[in-house]
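To keep things clear, I will list the structure first and then write my remarks on it.
The values are calculated or read from the model by the stated rules, or taken from the named source; none is laboratory data. Treat the numbers as computed from the prediction; the structure is a model and nothing was measured. Quick reminder, even Gly has a Cβ in these numbers, built from the backbone with ideal geometry, and neighbours come from all protein chains shown.
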Amino acid sequence: MKKFLTILPVMAAMLLVGGAAWAQDGATYSFDVGNLGSGFAMGLAVLGGGIGQGMAARGMYESVSRNPQAAGALNAPFYVGLAFIESICLFALVVAFGIAG
């Protein structure tokens with residue numbers, strides 16, 4: 001954590017001073033918050049999807065360990081649930097591309 005806190009100001013300075021590189025060629029540079037926001041939104045969606053899939057897998061494996069004969073009946077709903085969770089992540093990717101332009 002201490003290493004991250006020492007690197008964070010350097011990363012922020014590099015992000016904010018990036019306009020000087022564009023000004024060298026006479027080009028215009030505007031800091032687009034949409035790209036930063038879309039990356040942040042995508043990261044949150046993937047984080048939530050990963051946590052959701054992990055919790056779904058944990059619940060399925062706990063129920064199968066308590067009742068092994070129900071494993072066949074739990075497979076189809078489990079995979080459908082995983083597909084729904086993954087579709088939310090893919091929808092977030094589409095929205096992130098829409099925000100980024």
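Looking at this structure, is Gly43 under 13 Å from the mean Cα position of the chain (by Cα) and surrounded by 15 or more Cβ atoms within 10 Å (Cβ to Cβ)?
No, not satisfied.
Rundown of residues vs (1) closer than 26 Å to Leu16 by Cβ; (2) touching a Cys at 6+ places or on another chain (Cβ under 7 Å); (3) not assigned by TED's automatic domain parsing to the domain that holds Leu16, yes/no style:
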{"residue": "Leu44", "(1), (2), (3)": "yes, no, yes"}
{"residue": "Gly49", "(1), (2), (3)": "no, yes, yes"}
{"residue": "Gly54", "(1), (2), (3)": "no, no, yes"}
{"residue": "Pro68", "(1), (2), (3)": "no, no, yes"}
{"residue": "Ala73", "(1), (2), (3)": "no, no, yes"}
{"residue": "Val80", "(1), (2), (3)": "no, no, yes"}
{"residue": "Ala83", "(1), (2), (3)": "no, no, yes"}
{"residue": "Ile88", "(1), (2), (3)": "no, no, yes"}
{"residue": "Phe91", "(1), (2), (3)": "no, no, yes"}
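Working carefully through the options Gly48, Gly54, find the one that is under 30 Å from Tyr79 (Cβ atoms), at pLDDT 75 or above and surrounded by fewer than 12 Cβ atoms within 10 Å (Cβ to Cβ). Before you say what the answer is, go through the steps one by one.
Values: Gly48 fails: surrounded by fewer than 12 Cβ atoms within 10 Å (Cβ to Cβ).
Answer to the selection: Gly54.
For segment 59-66, indicate whether the set of residues that are at pLDDT 85 or above and under 23 Å from the mean Cα position of the chain (by Cα) is non-empty. Steps first, answer last, please.
The initial filter retains those residues of segment 59-66 that are at pLDDT 85 or above, namely 59-66.
Applying the additional criterion that residues be under 23 Å from the mean Cα position of the chain (by Cα) yields 59.
The answer is yes, given that some residue of segment 59-66 is at pLDDT 85 or above and under 23 Å from the mean Cα position of the chain (by Cα).
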